[in-house]
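Written out below as structure tokens is the structure these notes cover.
The values are calculated or read from the model by the stated rules, or taken from the named source; none is laboratory data. Note that the structure is predicted; figures quoted are calculated from it, not measured. Reconstructed Cβ throughout: ideal geometry from the backbone, glycine too, with neighbour counts over all protein chains shown. Quick note on the areas: whole protein, heavy atoms, side chains included, nothing else; ligands and nucleic acids left out. Shrake-Rupley method; radii C 1.70, N 1.55, O 1.52, S 1.80 Å.
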Amino acid sequence: MSISAKFEHLSAEDKWYAYWMDQKFFKSEPDERESYTIVIPPPNVTGVLHMGHMLNNTLQDVLIRRARMLGYNACWVPGTDHASIATEAKVVNKLKEEGIDKFEIGREEFLKHAWEWTHKHGGIIQQQLKKLGCSFDWDREAFTMDELRSESVLKVFVHLYEKGLIYRGYRMVNWDPQAKTTLSDEEVIHKELNGKLYHLSYPMVDGEGSIQVATTRPETILGDVAICVNPNDERYTKLIGKKVIVPIANREIPIIADEYVDMEFGTGCLKITPAHDINDYTIGQKHQLEIIDVLDEEGKLNAHGLHYEGQDRFVVRKAIAKELDEKGYLIKAEDYRNKVGTSERTGAVIEPRLSDQWFLKMKELSEPAIKAVMADDAEIQLIPEKFKNTYRHWMENVIDWNISRQLWWGHQIPAWYLKGDRQKIVVAMNEAEALEKAKKQFNDPSLSASDLQQEPDVLDTWFSSWLWPLSVFNGVLDPDNEEINYYYPTRDLITAPEILFFWVARMIILGYELRDTKPFSNVYLTGIVRDKQGRKMSKSLGNSPDPLKLMEKYSTDGVRVGMLLTSPAGNDLPFDEELCEQGRNFANKIWNAQRLVLGWETTDKAPSESDVAAMRWFAEKKVETLEKLEASFKSYRISEALMTSYKWVWDDFCNWYLESIKPAFGEPISKSVYDQTIKFFEDVCTVLHPFMPFITEEIWHNLGNRSKGDSLCIQAWPKGPSVDKAYLADFDQMLAVVNGLRNLRASKNIPAKESLALHLPAEEALSPELRSLASKLGNISEMEARKNDEAIGFSFLAGKYEFFVPAGDQVDLEAEKDRITKELEYLRGFLKSVEKKLSNERFVNNAPEAVVAKEKAKQEDAESKIKALEESLAKL
């Protein structure tokens with residue numbers, strides 16, 4: 001067979017993905033096997049692949065490919081999210097560039113543009129995930145706003161409303177002036193920003209001086225309705241009940257008392273602006289104060305802003321500070337650093353705003369979800385466990401979820417009002433059902449559809465996402481269908497810690513609410529992909545490489561390996577392009593090993609003693625590796641599993657096994673050895689396949705005569721008997737002898753072609769079964785166990801034994817003495833440190849038995865080596 005010098009990854013990747021799709025290897029239907037289900041965290045429908053997606057989806061693909069090979073009915077469901085805020089913002093900007101205003105064209109026309117945008121820019125990330133090799137069942141692709149998912153969302157809303165868990169309330173909410181919508185507390189990112197603290201003077205109405213107040217937001221003084229002091233603050237006791245004049249607005253407002261005010265902060269006086277601060281709103285309600293809202297939905301001042309009407313809040317902040325200064329109300333302005341809430345989606349500074357919104361009561365709903373993760377016999381495991389405390393804190397302090405958004409792109413809330421009376425509400429799946437409910441609820445059979453008006457707001461995007469593991473199997477609309485009963489609960493969820501509450505916790509909550517069971521068993525939380533400087537990768541910093549270009553340059557397999565080499569669960573991934581290069585080099589190593597093996601000629605001769613030893617060793621090493629992999633996968637140490645596979649293939653298979661059985665140049669190899677080597681190579685491909693699907697499929701096909709419909713991706717995961725640890729230990733000792741000989745050759749400039757005699761200190765120092773192989777690998781001409789009292793030559797340590805190579809007149813006695821003396825110095829120092837530790841009673845009494853035993857073994861080993869070296873030195 002003619003094998004190309006290089007793996008042509010670009011053509012191979014396209015070829016094999018098309019083959020997998022054509023043969024429907026990733027398609028799953030319920031059957032008698034146990035299911036293994038993963039649902040994708042749905043990316044934005046118009047999104048493109050970034051490094052976070054690369055890591056997350058590579059991890060999912062590793063797990064699902066291995067599950068398929070282990071015999072599970074593996075089902076990985078793909079899909080995308082409609083991303084209300086992000087998508088609507090893009091469509092609004094696109095229309096603005098065309099001179100079109102969203103409100104002028106109306107909701108129906110706007111949604112046509114939004115769907116057009118989605119169809120035009122959607123589908124890109126799906127093609128990129130195919131390029132990554134993701135083994136999705138593409139026939140199951142879902143979208144959070146397709147018909148089935150949309151109907152499911154509405155049904156859940158109606159269900160929760162009818163249980164009394166959803167209500168409409170006038171509350172202080174987080175308002176994003178750029179997106180013109182509310183946000184939940186979890187969607188607000190608090191950032192430390194530099195600003196000013198303005199000290200203002202409010203004149204007393206009675207002319208008896210003034211009162212001083214400090215604020216970071218002077219533009220809101222036009223909405224002030226009171227000044228509040230602590231009733232225990234003796235400085236202001238006499239002023240309680242009096243009035244002051246609001247600067248510029250020239251309104252009279254009262255001085256009130258409330259213990260909420262911190263006497264130690266600022267001047268001890270607090271201006272109360274109920275429309276623009278949650279704490280002020282609470283005090284205002286308590287004291288029945290007026291509410292004056294000075295800002296509109298865009299963050300501009302309204303009619304209450306007087307001559308600043310129509311100007312942006314930040315423009316007014318500077319202008320009003322100047323006016324206050326000119327009129328003598330500004331005492332001083334000092335630099336001040338404080339935390340400011342910003343929108344996770346747009347980055348805009350959030351405004352607290354009073355508004356009618358829809359809320360979901362969360363406290364009672366959350367209780368089963370807390371137990372599911374925090375109980376001793378928890379049904380759901382968080383990996384790593386360190387995130388359990390974060391989860392518990394969020395869940396125990398949960399507040400009602402503001403589920404309405406002032407947008408058009410999304411699931412319109414299925415609530416209808418009687419026109420002219422927003423207090424009369426009906427909630428239903430559709431308008432026809434709403435009309436029938438309204439007739440009964442309001443006892444008016446004459447009502448028609450024209451008498452009803454649907455709530456214009458849409459639901460928070462997360463309200464559709466929390467249905468995801470249920471809705472992808474139609475588990476909401478048809479809760480007893482075959483698929484939901486077979487695939488649900490799903491097995492693993494791989495996602496980012498920053499959406500642990502946004503998404504993960506809410507899916508758990510809804511799983512117990514609708515089916516009284518968990519939605520998944522294991523939640524693997526990835527870290528954040530960072531650059532070499534530790535910065536989060538982002539477009540704005542320009543430090544995020546293009547994943548497609550990386551895959552083109554280093555191969556998809558190379559990039560997948562590079563991503564996983566340093567990505568333990570929950571820890572950030574310090575990404576460096578050199579990791580991809582390391583992945584590509586690994587792929588090259590395997591490819592060249594294939595070319596070497598397939599280039600050998602075979603003969604019917606029996607295997608040599610060294611061949612038999614090597615084959616037995618690699619078979620044992622395979623079983624040992626499989627055991628390590630099982631332990632790593634069981635505890636979701638995916639990066640560790642890759643490293644175990646990497647070392648087994650690079651070191652054990654390519655470096656030692658192939659060298660051990662490699663025939664002399666131009667000579668044929670025993671056919672039985674060759675056939676066994678091909679089987680081993682197939683096992684290598686199988687173990688590596690979840691990590692490196694493309695190159696392993698190509699090599700696996702090259703290794704044998706395959707038929708159409710054959711594929712590595714559906715081969716059984718390798719198995720083996722228990723490990724013979726004694727044999728592996730003997731082999732490790734043999735390798736130590738070979739490495740010792742090679743190091744000796746290098747240090748003494750003895751050519752590799754020159755054979756050497758080797759004296760063993762004892763028969764047990766090197767297993768007789770492995771001496772033939774040691775002779776081949778070390779080019780040893782003769783080997784015997786004998787004492788070397790009179791011999792001149794070189795010694796080296798392998799394990800706890802000292803081996804001797806007679807060298808006749810070639811030896812440099814002084815150099816050899818110097819080498820042994822230096823080694824003795826090191827070993828004596830090492831022994832001293834071990835003895836010091838063992839002489840410490842606290843260590844010996846308190847350390848685990850295994851740790852103390854390990855230190856004693858170190859002591860014994862060092863003493864044995866020192867004795868052997870002292871004897872060698874004495875001979876010289």
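Full extension from Ile678 to Glu104: what is 0.36 nm times the residue separation minus their Cα-Cα distance, to one decimal in nm?
Separation in residues times 0.36 nm, less the Cα-Cα distance, equals 199.6 nm.
Two decimals is fine: what is log10 I(q)/I(0) at q = 0.23, 0.29 Å⁻¹ for the stretch 251-293, from a Debye sum with one equal scatterer on every Cα and no solvent?
Once normalised to I(0) and log-transformed, intensities are -0.83, -1.19.
Give me the Kirkwood hydrodynamic radius of the stretch 659-771 in Å, from all C-alpha pairs, to one decimal place?
Roughly 17.9 Å, rounded to one decimal.
So if R0 is 51 Å, what FRET efficiency would Val188 and Ala631 give, r being the distance between their Cβ atoms, rounded to the nearest 0.05?
Efficiency computed from Cβ-Cβ geometry: 0.75.
Amide H of Ala74 versus every other amide H placed in the peptide plane: which residues, excluding those fewer than 5 positions away on the same chain, fall under 5 Å?
Tyr36
Work out the length of the dipole vector of the stretch 355-403 about its Cα centre, built from +1 on the beta-carbon of each Lys and Arg and -1 on the beta-carbon of each Asp and Glu, and round it to the nearest 20 debye.
140
Given +1 on the Cβ of Lys and Arg, -1 on the Cβ of Asp and Glu, and no further charges, what dipole in debye does the stretch 718-759 carry about its Cα centre, rounded to the nearest 20?
Taking the Cα centre of the stretch 718-759 as origin, the dipole is about 180 debye.
Looking at the stretch 218-281, I'd like the Rg to Rh ratio, where Rg is from alpha-carbon atoms and Rh is Kirkwood's inverse mean 1/r. Write out the running numbers ahead of the final one.
Values: Rg = 11.3 Å, Rh = 12.0 Å.
Ratio of gyration radius to Kirkwood radius: 0.95.
I'd like the trypsin sites (Lys or Arg not before Pro) in the stretch 667-753 restricted to DSSP loop residues with at most 16 other Cβ atoms within 10 Å, sorted by number.
Arg706, Lys708, Lys719, Lys753
Mind jotting down the distance between the C-alpha centroids of the stretch 659-728 and the stretch 9-82, whole Å?
25
What translational diffusion coefficient, to the nearest whole µm²/s, does the stretch 353-407 have by Stokes-Einstein, given a Kirkwood radius computed over alpha-carbon pairs, a temperature of 10 °C and 1.306 mPa s viscosity? Intermediate results must be reported in sequence, preceding the final value.
Working: Rh = 12.9 Å.
The Stokes-Einstein estimate is 123 µm²/s.
To the nearest 20 debye, what charge dipole does the chain have about its Cα centre, counting +1 at the Cβ of each Lys and Arg and -1 at the Cβ of each Asp and Glu?
About 920 debye.
With everything on Cα atoms, drop me the angle between helix 313-326 and the longest principal axis of the chain, reported from 0 to 90° to the nearest 10.
Once rounded, the angle reads 60 degrees.
Among the GluC sites (Glu not before Pro) in the stretch 71-148, which ones are in a DSSP loop with at most 13 other Cβ atoms within 10 Å of the Cβ? Mind listing them?
Numbers: sites: Glu88, Glu97, Glu98, Glu104, Glu108, Glu109, Glu116, Glu141, Glu147; in loops: Glu98, Glu141.
In loop regions of the stretch 71-148 (DSSP not H, G, I, E or B), the sparsely surrounded GluC sites (Glu not before Pro) are Glu98.
If one computes the Cα centroid of the stretch 437-452 and of the stretch 323-353, what distance in Å separates the two points?
So the two Cα centres are separated by 49 Å.
Equivalent ellipsoid semi-axes for the stretch 632-679, as square roots of 5 times the alpha carbon gyration tensor eigenvalues: give them largest first, rounded to whole Å.
31, 12, 5
Taking a cut-off of 16 Å, what percent of all Cα-Cα pairs in the stretch 520-620 are separated by more than that?
Tail of the P(r) past 16 Å holds 71 percent of the pairs.
Suppose R0 equals 22 Å. What FRET efficiency, 1/(1 + (r/R0)^6) with r the Cβ-Cβ distance, do Glu784 and Glu825 give to the nearest 0.05? Walk me through the intermediate numbers first.
Details: r = 31 Å, r/R0 = 1.42.
E between Glu784 and Glu825, to the nearest 0.05, is 0.10.
Carbon and sulfur atoms: what percent of the 1.4 Å accessible area of the stretch 27-145 do they account for?
Carbon-and-sulfur percentage of accessible area, whole number: 51.
Once R0 is set to 35 Å, what does the formula 1/(1 + (r/R0)^6) return for the Cβ-Cβ distance between Glu814 and Ala847, expressed as a FRET efficiency to the nearest 0.05?
For R0 = 35 Å, the calculated efficiency reads 0.20.
Just check the stretch 420-547 against the gyration tensor rule for me: Cα atoms, a ≥ b ≥ c as the square roots of the eigenvalues, rounded for a/c under 1.5, and otherwise prolate or oblate depending on whether a/b exceeds b/c.
The shape class here is oblate.
With labels modelled as points extended 7 Å from the Cα through the Cβ direction, what inter-label distance (nm, one decimal) is found for Leu728 paired with Gln454?
In this crude label model, Leu728 to Gln454 measures out at 6.4 nm.
Subtract the Cα-Cα distance of Lys553 and Lys800 from 0.36 nm times their separation in residues, and report this length gain in nm to one decimal.
Using 0.36 nm per residue and subtracting the Cα-Cα distance, I get 84.2 nm.
Calculate the spin-label point distance for Lys6 paired with Asn588, positioning each point 7 Å from the Cα along the beta-carbon direction, and give it in nanometres.
0.9
Calculate the spin-label point distance for Gln311 paired with Asn397, positioning each point 7 Å from the Cα along the beta-carbon direction, and give it in nanometres.
For Asn397 paired with Gln311, the spin-label model returns 3.8 nm.
Only bridges whose two residues both fall in the stretch 733-876 count here: according to DSSP, what percent of them are antiparallel, nearest 5?
60
Using the Kirkwood radius built from alpha carbon pairs, what does the Stokes-Einstein equation give as D for the stretch 744-876 at 37 °C and 0.692 mPa s, in µm² per second?
197
For a test of the definition: using alpha carbon positions, the gyration tensor, and the 1.5 limit on a/c, classify the stretch 1-112 as rounded, prolate or oblate.
Here the stretch 1-112 falls in the prolate category.
Starting from 0 in steps of 5 Å, tell me what percent of the Cα-Cα pairs of the stretch 380-471 lands in each bin.
Once binned at 5 Å, the Cα pair distances of the stretch 380-471 give 3, 12, 15, 16, 14, 11, 9, 7, 5, 4, 2, 1, 0.
What percent does the relative contact order of the chain come to when contacts are Cα pairs within less than 8 Å and at least six residues apart?
Relative contact order here is 12 percent.
For the stretch 523-618, run through the GluC sites (Glu not before Pro) and keep only the ones in DSSP coil with at most 16 other Cβ atoms within 10 Å of their Cβ. If you can, show how the numbers build up before the last one.
Numbers: sites: Glu552, Glu577, Glu578, Glu581, Glu601, Glu609; in loops: Glu601.
Answer in residue order: Glu601.
Counting only DSSP beta bridges with both residues in the chain, tell me the antiparallel percent, nearest 5.
Just about 70 percent of them are antiparallel.
Find the Cα radius of gyration of the stretch 303-348, compare it with 2.2 N^0.38 Å by division, and give the number to two decimals.
1.46
How long is the gain from Lys647 to Asn443 if the chain were fully straight, where each residue apart is worth 0.36 nm and the alpha carbon distance is subtracted?
65.8 nm
Based on the Cα atoms of the stretch 473-580, what semi-axes does the equivalent ellipsoid have, where each is the square root of 5 times one gyration tensor eigenvalue, given in whole Å with the largest first?
Gyration-tensor ellipsoid for the stretch 473-580: 35, 16, 12 Å.
Under 16 Å from a point 7 Å along the Cα-to-Cβ line of Ser747: which residues of the stretch 814-853 have their amide N that close?
Those under the cut-off are 814-828.
State the three equivalent ellipsoid semi-axes of the stretch 37-84, derived from the C-alpha gyration tensor as the square roots of 5 times its eigenvalues, in descending order and whole Å.
Equivalent ellipsoid semi-axes, largest first: 24, 12, 5 Å.
From the list (1) 41.0; (2) 33.3; (3) 28.9, can you say which value of Kirkwood radius over Cα pairs in Å was derived from the structure given?
Only one option fits the structure, namely (2).
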